Amino acid sequence: MNTASASTSNRLGLWFAHAYVIGLCGTLAGAYFFQFGLWEYPCPMCLLQRMFFLLSALGPAWIIVRARKGSVTAGEWAAGWGWAIVAALAGSTVSATQVLMHIVPPDPGYAGALFGLHLYTWALITFVGAAVAAGAALFLTPRALPLDAGLTSPALRRASTVTSAVLLAFAASNLVACFFLQGFAWQMPGDPTGYALFH
């Protein structure tokens, strides 16, 4: 691979890492719309799925932050995407479990639906898609070398600040939302009907 094509594939690889993180944060934004816009309170399994979305985003986010400090090695690149895959697969087991809990008619399912599917079903689809996307990034590791675009591209350096801030904001807001739902109780109800902190 010549220098120009290597530089291009490297930039695309890092931009894909940004897209992955922002995409998962966008999924959480949709969940926030249901919670705060439609007043549908998430159950403990829903919150666990949110945490796995954040955990899956941590892998490529680490690659993004690492790229600001120097050239990312192939091992670091693979470790970041490997983490994303493991977290996405773990999250998919939680989503699949919740799907199976409500799959037998006439169970109406938990909370509302989007295009006929409940949010935990969409979460399962998203987790599987995320694992496939992370696997593709891992498979294409050789084509992303050398991994130094985080230093040489001003646009990527600016984007890394924004992407990191977005992920931190969603992680913090999710923590606050969990605290509002559970309050100071040791255990959150399986079917919450309000914010325990204010009751």
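The values are calculated or read from the model by the stated rules, or taken from the named source; none is laboratory data. Bear in mind that the values here come from a model prediction, so they are computed numbers and not experimental data. We place every Cβ from the backbone using ideal geometry, glycine too, and count neighbours over all the protein chains shown. All accessible areas refer to the heavy atoms of the entire protein, side chains included, with ligands and DNA or RNA removed. Shrake-Rupley method; radii C 1.70, N 1.55, O 1.52, S 1.80 Å.
Inspect region 105-118 for any residue being in contact (Cβ under 8 Å) with a residue 24 or more places away in the chain and part of a helix (DSSP H, G or I) and give the result as yes or no.
no
Any residue at all in region 60-71 that's without any contact (Cβ under 8 Å) to a residue 40 or more places away in the chain and under 16 Å from the mean Cα position of the chain (by Cα)?
yes
Select, from TRP122, TRP186, the only residue that is aromatic (Phe, Trp, Tyr), over 16 Å from ILE22 (Cα atoms) and at pLDDT 85 or above.
Only one candidate qualifies: TRP122.
Would you call VAL99 among the aliphatic types (A, V, I, L, M), surrounded by 14 or more Cβ atoms within 10 Å (Cβ to Cβ) and either at pLDDT 80 or above or within 28 Å of PHE33 (Cβ to Cβ) (or both)?
yes
Are any residues in region 60-84 open to solvent by 10 Å² or more (accessible area, probe 1.4 Å), β-branched (Val, Ile, Thr) and part of a helix (DSSP H, G or I), and if so, which ones?
Within region 60-84, just VAL65 meets the criteria.
Taking the residues in region 10-59 that are charged (D, E, K, R) and either open to solvent by 30 Å² or more (accessible area, probe 1.4 Å) or over 12 Å from the mean Cα position of the chain (by Cα) (or both) as candidates, determine which candidate is farthest from ALA111 (Cα to Cα).
ARG11
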